[in-house]
Every structure is written in C-alpha cells, then in structure tokens.
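Mind having a look at this structure? Questions to follow.
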Amino acid sequence: MVASKDKKLLEMFVADRKQLEAIQSIVSLQQKALLNPVEFWAKNSMAGFNIMSAALGRGAVEAERGDRRFTDDVWENNPAFKALKQGFLTWRKQLSDWVDQQDLSEKDSKRAKLLLTTLADAVAPTNTLLGNPKALKRTLETGGTNLVAGFKNIVSDLAENDGMPSMVDKTAFKVGENLAVTPGKVIYREPHLELIQYTPQTKLVQTTPVFLVPPQINKFYIWDLSPERSVVEYLVQQGFQVFLVSWFNPTAEQADWGLQSYVEALDRASAIASEVSGSKQLHMVGACSGGITTATLLAYWKAKSTDRARSVSLLVTVLDTQDTAETAIGLMTSLELLELARAASQRIGVLEGKDLKKIFAWLRPNELIWSYWVTNYLLGDKPPAFDLLYWNSDTTCLSANLHSDFIDILEANALTKSGALYIGEYAIDLGAVDCDALVVGGTTDHITPWEGCYRTLDMLGGETSFVLSNSGHVQALVNPPTNPKASYVLNTGNHNTPEAFLSKGEKHEGTWWEHWADWLRERSDRETKAPKSHGTTEHAPICDAPGQYVLM
C-alpha cells in the first residue's frame, strides 16, 4: 500500500500535468492574439458590441438543444432576466465563434472551444442566487430556509462526496433489499469474481443460457436494478437461463490483475455455467469495458479452439478507437497524459472509480454538475432517489495492470489488428470470431459514441447487426418496457457507415430489449423444463444472490 502522503503528492502531480495539457490549447489562442493584436481587439470589440445589443433586447440567441437552464417563463417575460440570458448566451457563442476564426489545429480548436464553453458555463447566471429566478422565488417563499438547507447540503457533500454535488439520495437504496433482488444463487467464487445463477421464472427455458459480463468499473447490478427495470428479471421472465459475473472490487493487493487474468477468470466461470446448464454453448453478453473483455475472451477461445460462444452481444462498447479524439474525453487526453495516468495507477495500485466518475461528470457539467448545484444548494432540495444514479455513485476500483492494458489497447488500437494483443501464448484476432453478433449503441452516449460502437460491425467475422437505442451510455442498458419514451432504430438493408445506417433506418417504438430477446431466442437450441435447483454437486450454491462481492 502507498502511504497516504505519497499518494496525495502523486495525485497532485498528475492533476498539475492534466491542467498543463488542458490549457495548452488556450496558450495557442493567446499566441494567436499576441501575434495579431489589432485583429484580436477588433474581434473582441465586435463581440462586446454584440453582447451589449443582446442585453438590450436586440438579439435573439437561442439556448442549445437540451439546455434546460432557461426554460422558466421569466427568462422571456421579464426584461431584466431576458437581457441577462441574451447577454450570457451571446457571450458564450462569441467565445466559440472566436475560436473557430483562429488558425489552430483541429484538435486544438475543439479542445479550446470545449474548455472555454465549460468555463463560461461555470459562471452562468443560473448558478447564482440573484441570477436564478426559480431560486429567488423559492427564497422569498420560504424566508431563506432553502439557503439554510442548501448550506447543510454543501457541508455534507464536502465531507462525504469529495466536494461534488450529490446526484442521489443514498439513504433510499440498499443492495439486496430494493436493488439486485432477482432471486438466484452464487454457485462459484474465486478471487476475481462470483458467478450467479438466477432462478427460472417460467416452466420452460431456453437450453442455451445467457452469460452476462458487466464492466469492471461500478457494480454488476446495472443489470439488476429495481424490479421492472432489471435486465436480468426481464430475461428470466422471457424464459432464458441467466448466469452473471459479479467482479471483486480490487485493492492495491490486486494491482497485478491484468486483462489476461480477467479473461482467464471468465473462461473458468463460463465453463462452469456451461457445465451446470448442460449446454456446450452460451449467449455471451458484455457492456462497456466488460464488452472489451468479452470480445477478447471470444478471440482467445477461437485461438485455442474452444467453441463455447453461440452468440455475442456487445452493448455500448467501442473496440475500434481510431476516432477517440473526436469525443469530449478524447480531446482532454494525449499519449503523454495517458502515460502519466498509467504511472499513477501503477504506483498506487488501482485507478479509483470515484476519479473516473468526476471525469465523466465534467464532460457534461451542465447536466451532471451545475443542475445539481442549483437544486441541492440554491433550492435546498434533497437529491432525488433514483436507482440508476445510486448505482452510478457505487463505484469500484480498476486494478493497475488492467488499467494499463486498456491504455495499451487504446494507444495502439490493438483490437483492430490481428496479433497486436496476446492472452498468454494466443494471438487475439477478432476477425476470427464467427458467431452471430448484436451491437448496441446509444444516440446520446458521450462515453462510447454510437458511431464508434458501429465500427465493430467491420471487425467481427460472423453475421453482425446493429441496434441504435434512443438513450445515453447507461440508459441504453436500463431501457425497460415500462419506459414510455423508449425507441430504437434498425436497418436490415445494406449499409457500411453510421450515416448510411441512419438514412434508411426504421424507427421502432418500445425497448430494444424485445428485439434482443427475439434475436437470442432465434439462436437458441430449443426449450426444456426449467431446472428445479441451482448448481451441481460439485458447484453447490454458496449463498443467495446478489452475493458478497457486490457488498464490498
């Protein structure tokens, strides 16, 4: 274990380097301005004039689609607030437009624009009491008790949430009581994982089981949230036998766990699922980093002639990382920064999930930070009781070697190249994976953009189809039939680009889960009577689901 002081110094060093990388593009902007000061001041004078015109009601800059900060009628009906809104939106737009006019590299331009608009949003009038009509109204109605409650929330978040505004009321949920409650048994346990076999809920079941592989960051119960919002519950109610992996939350003692050890652990667990179910093949399912691990496992099986995959479903998973720089997170990284992150996790032993959560939050600050700043601190409300947000806050660590392996894959785009990655003595070639595959992306996913997920279609050797869900990274998984806004797009014709997929894609109302269940059923052998017990004599039940690892 690294001493607390040593760890803190290392974290500060990495943070400083991140700041240097982040402001590099701003420095480029400053250099452009100094080299041509006349043009710089002329453009800024014009920007100031436009802002003044907007503040006087002569402009009509609209908020971006999805921006909920100015939805209150006061922003249009009250002249003072309308001027404030127009002044801010015009200033924000002028910053972005000015960057576009500079002679910068494409990445520097995008990075600078992202940073400047993020800084602008931090000082938005809606983040202040006097500039937020809803907060002002609440203060007058309550005599300021909302501000007292907000101060208490600030103190609580400083003490218990690393100074970030809380997104969820953590007292409303408990794993095993109102989350992860689908009945099942842990039938296998080893250092890396527990294997859960879920109890059938139909008289007949498909003989080909579903084997679920969660991401290594966060707990497994994204697959088994509240009743009627659970993927696992839905699958067993559709007549599937379901096995699921629950990862151990690593500490510095497990720093040497790398991709190979995780793939080998999945190999052992899936062999047990096959033995217990009596089926030689499984429907393999992986999401996000779990999808990367699952795809690697299938290529490992092909290399050593193991025929255990009947199909594979890869959900919100990017295997081809060629356009990572086009994403928000890609703009904030570089090879140097990745190496610093690797050095930090190698020294400490793990990459902490709470740090990743902060990074992802700052990629969408208006939605994931400032909205909670307003509700928690200005309005004085308690955070909402929402199962998905509770899961998101229940982070785990990533072992240092697995983190390093993922960086290697990202840097080299290794999964697109046969033999660029090895598991033991076996070269990984995703093109050799010839089972049928279903790839799922989310329209508003900012972590694994759906265009990146789509490129998986060219990487696998079997028949591969794509489903586009109307949702973000996590909502693409948690998209139950009870969601009235659920929809998805299919395209059964010929297409080889995301644009071609969309142009003639057919929109379907409802959840893609229904399409998925039909797809799995078509690739299953037959139905048989549901087993009356869990495990086998050799792999007898150890404890009830959700097991012990998820509670650690």
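The values are calculated or read from the model by the stated rules, or taken from the named source; none is laboratory data. Source: prediction; values computed, not measured. A quick note on method: Cβ atoms are made from the backbone with ideal geometry, for glycine too, and the neighbour counts reach across all protein chains shown. What goes into the accessible areas is simple: the full protein's heavy atoms, side chains included, and nothing from ligands, DNA or RNA. Shrake-Rupley method; radii C 1.70, N 1.55, O 1.52, S 1.80 Å.
Under the condition of being small (G, A, S), open to solvent by less than 20 Å² (accessible area, probe 1.4 Å) and part of a helix (DSSP H, G or I), which residue from region 367-419 is farthest from L460 (Cα to Cα)?
Checked region 367-419; the qualifying residue farthest from L460 (Cα to Cα) is A400.
Name the residues in region 504-527 that are exposed (fewer than 14 other Cβ atoms within 10 Å of the Cβ) and either more than 33 Å from the chain's Cα centre (by Cα) or at pLDDT below 95 (or both), would you?
K504, D525, R526, listed by residue number.
Next up: Would you be able to say whether some residue in region 180-187 is over 30 Å from K532 (Cα atoms), open to solvent by less than 40 Å² (accessible area, probe 1.4 Å), part of a loop (DSSP other than H, G, I, E, B) and of a type outside the set (A, V, I, L, M, F, W, C)?
No; the residues of region 180-187 include none that is over 30 Å from K532 (Cα atoms), open to solvent by less than 40 Å² (accessible area, probe 1.4 Å), part of a loop (DSSP other than H, G, I, E, B) and of a type outside the set (A, V, I, L, M, F, W, C).
Hey, among the residues in region 109-140 that are open to solvent by 50 Å² or more (accessible area, probe 1.4 Å) and within 30 Å of the chain's Cα centre (by Cα), which one's farthest from W75 (Cα to Cα)?
K110
Can you name the residue in region 153-170 that is assigned to a helix (DSSP H, G or I) and free of Cβ contacts under 8 Å to residues at least 24 places away in the same chain and, of all such residues, is least open to solvent (accessible area, probe 1.4 Å)?
Applying the filter and picking the extreme gives S156.
Does A437 qualify as being open to solvent by 20 Å² or more (accessible area, probe 1.4 Å), at pLDDT 95 or above and touching a Gly at 6+ places or on another chain (Cβ under 8 Å)?
no
Residues are listed down the side, and each one gets a yes or a no for (1) modelled with pLDDT under 75; (2) in contact with a Ser or Thr (Cβ under 8 Å, 6 or more places away or on another chain); (3) open to solvent by less than 10 Å² (accessible area, probe 1.4 Å):
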{"position": "T293", "(1), (2), (3)": "no, no, yes"}
{"position": "A303", "(1), (2), (3)": "no, no, no"}
{"position": "S311", "(1), (2), (3)": "no, no, yes"}
{"position": "E336", "(1), (2), (3)": "yes, no, no"}
{"position": "A341", "(1), (2), (3)": "yes, no, no"}
{"position": "R347", "(1), (2), (3)": "no, no, no"}
{"position": "V350", "(1), (2), (3)": "no, yes, no"}
{"position": "R364", "(1), (2), (3)": "no, no, no"}
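Would you check if L331 is modelled with pLDDT of 90 or more and either of a type in the set (V, I, T) or open to solvent by less than 30 Å² (accessible area, probe 1.4 Å) (or both)?
No, not satisfied.
Only one of (1) charged (D, E, K, R); (2) modelled with pLDDT under 95; (3) in a strand (DSSP E or B) fails for K485. Which number is that?
Only one criterion in (1) charged (D, E, K, R); (2) modelled with pLDDT under 95; (3) in a strand (DSSP E or B) is unmet by K485, namely (3).
Sort out which residues of region 429-469 are within 30 Å of R65 (Cα to Cα), in a loop (DSSP other than H, G, I, E, B) and either out of contact with any Lys or Arg (no Cβ under 7 Å at 6 or more places or on another chain) or free of Cβ contacts under 8 Å to residues at least 12 places away in the same chain (or both), and write them in order of number.
T443, T444, D445, I447, T448, P449
Still on this model: So how many residues does region 237-274 have that are part of a strand (DSSP E or B) and either at positive phi or open to solvent by 10 Å² or more (accessible area, probe 1.4 Å) (or both)?
The qualifying residues number 1.
Sticking with this structure for a sec: Can you find a residue in region 79-95 that is out of contact with any helix residue (DSSP H, G or I) (no Cβ under 9 Å at 6 or more places or on another chain) and either among the β-branched types (V, I, T) or open to solvent by 60 Å² or more (accessible area, probe 1.4 Å) (or both)?
Going through region 79-95, the residues out of contact with any helix residue (DSSP H, G or I) (no Cβ under 9 Å at 6 or more places or on another chain) turn out to be 79-80.
Pick out the ones that are also either among the β-branched types (V, I, T) or open to solvent by 60 Å² or more (accessible area, probe 1.4 Å) (or both) and you get 79-80.
Yes, region 79-95 contains a residue that is out of contact with any helix residue (DSSP H, G or I) (no Cβ under 9 Å at 6 or more places or on another chain) and either among the β-branched types (V, I, T) or open to solvent by 60 Å² or more (accessible area, probe 1.4 Å) (or both).
Which condition breaks for G143 when tested against (1) over 27 Å from the mean Cα position of the chain (by Cα); (2) open to solvent by less than 40 Å² (accessible area, probe 1.4 Å)?
G143 satisfies all of (1) over 27 Å from the mean Cα position of the chain (by Cα); (2) open to solvent by less than 40 Å² (accessible area, probe 1.4 Å) except (2).
Suppose we filter region 506-537 for residues that are among the acidic types (D, E) and in contact (Cβ under 8 Å) with a residue 60 or more places away in the chain; how many remain?
Of the residues in that region, 2 qualify.
Something else: Which of the residues spanning region 188-236 are of a type in the set (D, E, K, R) and part of a loop (DSSP other than H, G, I, E, B)?
Selection gives E190, K203, K219, E228, R229.
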